[in-house]
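The values are calculated or read from the model by the stated rules, or taken from the named source; none is laboratory data. Fair warning: this is a prediction, and the values are worked out from it, not measured in the lab. Positions of Cβ are generated from backbone atoms using ideal geometry, with glycine treated the same way; all protein chains shown enter the neighbour counts.
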Amino acid sequence: MNRYWGELEHCARRFPCDGAEFTNIFPDCPPPNSRRRIRLERIIHRYLVYPSRIKRVKNVDLFHLLDHSHAHLLRSVPAKTPIVATVFDVVPLRDPRSLWTHQVNRFRRSVQNLHRADILIAVSHETATDLRRLLGIPAERIRVVYPGTNMDKFGQPNKKASPFNRISSDKKIVLSVGSAHPRKNLDSLAGIFGNLSDRFRKGEWVFVRVGGLLPAPVEQAISEVIGANNLIQYGFLSDDEIIGAFQHASVFIFPSVLEGFSFTMIESMAAGLPVIANQMSTNVEVGQDAVAYYQDGDYAGAAAAIRRVLDDQSYANHLREAGLNRSKALSWANHWEGVKAVYREVLSAEETIP
């Protein structure tokens, strides 16, 4: 939520919205730390401090909820205040495998409050479909506005050293970034790499994993195929290090079968990295013709795409250029224009109500 607010605030300063003023009433969010004490602090803020602040807000023309997972806060918005809410996904309702039952139920109860919004901003057509199908939100109350990526951040040469300094410069890097939830489909990588084991075992290529560590069975399966020395896991890196990873890798593999919006895919494209992706979920919607796609389960097809990118420089350059153009089109400035259009629509509708 803080990152999204930061991008919107930056755009609001650069591209004012008819003289409107914007205020973040949650500037002191607790840090995202899983320690028990901090977790308790976050719970107190989420269910006590934030609702109390919202109830005390006066003279607000419009309330914009930036994070659908806080939809319970809409119950505290003063009566007759127009509401806009941004929804990134409702993945827990489609694939609850990574959550406990009580967590799924809590999420379901919370997002039911999205019915209180005048307009919902969905970040993809797939998310819009989920809102209609799973929550019963009428289509006329949903607007699709694609989020952006920060080209100044991802597209500029990273001044910091590559996180891959322990990898020989003559090796080509196949990169995977993100969480290790089942929907990320990471267990398919062993099948894909099984068609490429010769290149890994010859020491030409290495597979690098950034983010959630691979589940032990997945790690073992990949290691057996490509060799344990050719699998390197870095765990979670800083934002600058992730940008460095994108900029120093050779190809990005994205096997995910369920996304609200394929953020890591578009960020890798913004960094100039060729992308190979499963054609499931929002991947095609986001990447359009700037990505090499394969059908889910077609391990040979995915392997052939990887091999072509790493062996055919002209094809890699084509994907790189197409990816840069696509990521430029998905800018935060364009997202902000869509958000402003929603604001105007909601406020003009309020003015016509007698």
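Observations on the model:
- Test: residue in region 139-156 that is more than 29 Å from GLN279 (Cα to Cα), in contact (Cβ under 8 Å) with a residue 40 or more places away in the chain, of a type outside the set (Gly, Ala, Ser) and not in a helix (DSSP H, G or I): no
- Taking the listed residues VAL218, VAL177, the one that is touching an Asp or Glu at 6+ places or on another chain (Cβ under 9 Å), surrounded by 16 or more Cβ atoms within 10 Å (Cβ to Cβ), over 17 Å from PHE263 (Cα atoms) and of a type in the set (Val, Ile, Thr) is VAL218, with no other qualifying.
- The residues listed here are ILE266, ILE243, ILE253, ILE222; of these, the one that is among the aliphatic types (A, V, I, L, M), farther than 23 Å from VAL286 by Cα and assigned by TED's automatic domain parsing to the domain that holds GLN288 is ILE222.
- Residues satisfying the stated conditions in region 66-107, i.e. more than 20 Å from ILE44 (Cα to Cα) and of a type in the set (Lys, Arg): LYS80, ARG94, ARG97
- Residue in region 108-155 that is surrounded by the most Cβ atoms within 10 Å (Cβ to Cβ), counting only those that are out of contact with any Lys or Arg (no Cβ under 9 Å at 6 or more places or on another chain) and among the basic types (Lys, Arg): ARG143
- Test: ASN105 is in contact with a Lys or Arg (Cβ under 7 Å, 6 or more places away or on another chain) and not in a loop (DSSP other than H, G, I, E, B): no
- Qualifying residue in region 102-119 (condition: among the polar types (S, T, N, Q) and touching a Leu at 6+ places or on another chain (Cβ under 6 Å)): yes
- Of all the residues in region 186-198, those that are surrounded by 18 or more Cβ atoms within 10 Å (Cβ to Cβ) and over 11 Å from GLY227 (Cβ atoms) number 7.
- Taking the criterion of being in a helix (DSSP H, G or I) and either at positive phi or in contact (Cβ under 8 Å) with a residue 24 or more places away in the chain (or both), the residues of region 108-130 that qualify are ARG109, SER110, VAL111, GLN112, ASN113, LEU114, ARG116, HIS125, GLU126, THR127, ASP130.
- Some residue of region 52-59 being touching a strand residue (DSSP E or B) at 6+ places or on another chain (Cβ under 8 Å), in contact (Cβ under 8 Å) with a residue 24 or more places away in the chain and surrounded by 18 or more Cβ atoms within 10 Å (Cβ to Cβ): yes
- Meets criteria (part of a helix (DSSP H, G or I) and either on the phi > 0 side of the Ramachandran plot or in contact with a strand residue (DSSP E or B) (Cβ under 7 Å, 6 or more places away or on another chain) (or both)) for LEU48: no
- Among the residues listed as VAL339, VAL286, VAL309, the single one being surrounded by 18 or more Cβ atoms within 10 Å (Cβ to Cβ), in contact (Cβ under 8 Å) with a residue 12 or more places away in the chain, in a helix (DSSP H, G or I) and not assigned by TED's automatic domain parsing to the domain that holds LEU196: VAL339
- Restricting region 226-263 to residues that are in a strand (DSSP E or B) and among the β-branched types (Val, Ile, Thr) leaves a set whose member that is surrounded by the most Cβ atoms within 10 Å (Cβ to Cβ) is ILE253.
- Evaluating GLY211 against the criteria (1) modelled with pLDDT of 95 or more; (2) over 19 Å from the mean Cα position of the chain (by Cα) leaves one unmet condition, (2).
- Once region 60-82 is narrowed to residues that are among the aliphatic types (A, V, I, L, M) and without any contact (Cβ under 8 Å) to a residue 60 or more places away in the chain, the residue that is surrounded by the fewest Cβ atoms within 10 Å (Cβ to Cβ) is ALA79.
- Options GLY301, GLY272, GLY260: the member that is more than 19 Å from VAL208 (Cα to Cα) and in contact (Cβ under 8 Å) with a residue 24 or more places away in the chain: GLY260
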